[in-house]
Amino acid sequence: MFLATSNKNKRLLCVTYAGVVNPEQLAAGRAELTPLLAELPPGFRVLVNLSQLETMDIECQAEIGLQMEAFDRAGVSLIVRVIPDESKDIGLNILTVFHYSRHPQVATCRNLTEAAGVLAL
């Protein structure tokens, strides 16, 4: 499952990957991102939540890269990732190097409480 929501007042985009994630879900979810990104000002933050992820197909890397490029074009300044199980990280740090030309700050947390602290929520 892929879910994207935003909070305009907090300048925050929340992206959740849960259960078994495949490239088709991410491609379909790309349409959800466009209007959400349009309502956020440059300098917004992204919370990437992988706490409920079971597995992600390796083929998802291309779609994740496209998401990162969309965030970059929209002016993301901070990305906070919740990855409680390091084995479920599909190489996000490596993908970051290739898909973010503006070099936003990136923080990786083990839980949502820690992420909320980093985001000052």
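No value in this document is a laboratory result; all are computed from the given coordinates. Since this is a predicted model, take the numbers as computed values, not measurements. Cβ coordinates were reconstructed from backbone atoms using ideal geometry, including for glycine residues, and neighbour counts include every protein chain displayed.
Find me the longest stretch of the chain that has none of the exposed trypsin sites (Lys or Arg not before Pro), where exposed means in a DSSP loop (not H, G, I, E or B) with at most 14 other Cβ atoms within 10 Å. Formally, the longest exposed-site-free interval is 9-101.
Per the Debye formula with a single identical scatterer at each Cα and no solvent contribution, what log10 I(q)/I(0) holds for the range 29-86 at q = 0.19, 0.22, 0.25, 0.29 Å⁻¹? Result of the Debye calculation: -0.78, -1.00, -1.18, -1.30. About its Cα centre, the chain has a charge dipole of approximately 620 debye under the convention of +1 per Lys or Arg Cβ and -1 per Asp or Glu Cβ, with nothing else charged. Close amide H contacts of VAL80 (hydrogens built in the peptide plane, cut-off under 5 Å, sequence separation of 5 or more or a different chain): VAL46, LEU47, VAL48, ALA107. A full extension of the chain between MET1 and LEU95 corresponds to an added length of 31.8 nm, given 0.36 nm per residue minus the alpha carbon distance. Our summary gives the chain a relative contact order of 24 percent, counting only alpha carbon pairs under 8 angstrom and 6 or more residues apart. Spacing of the modelled spin labels on ASN9 and SER77, each 7 Å from Cα toward Cβ, amounts to 1.9 nm.
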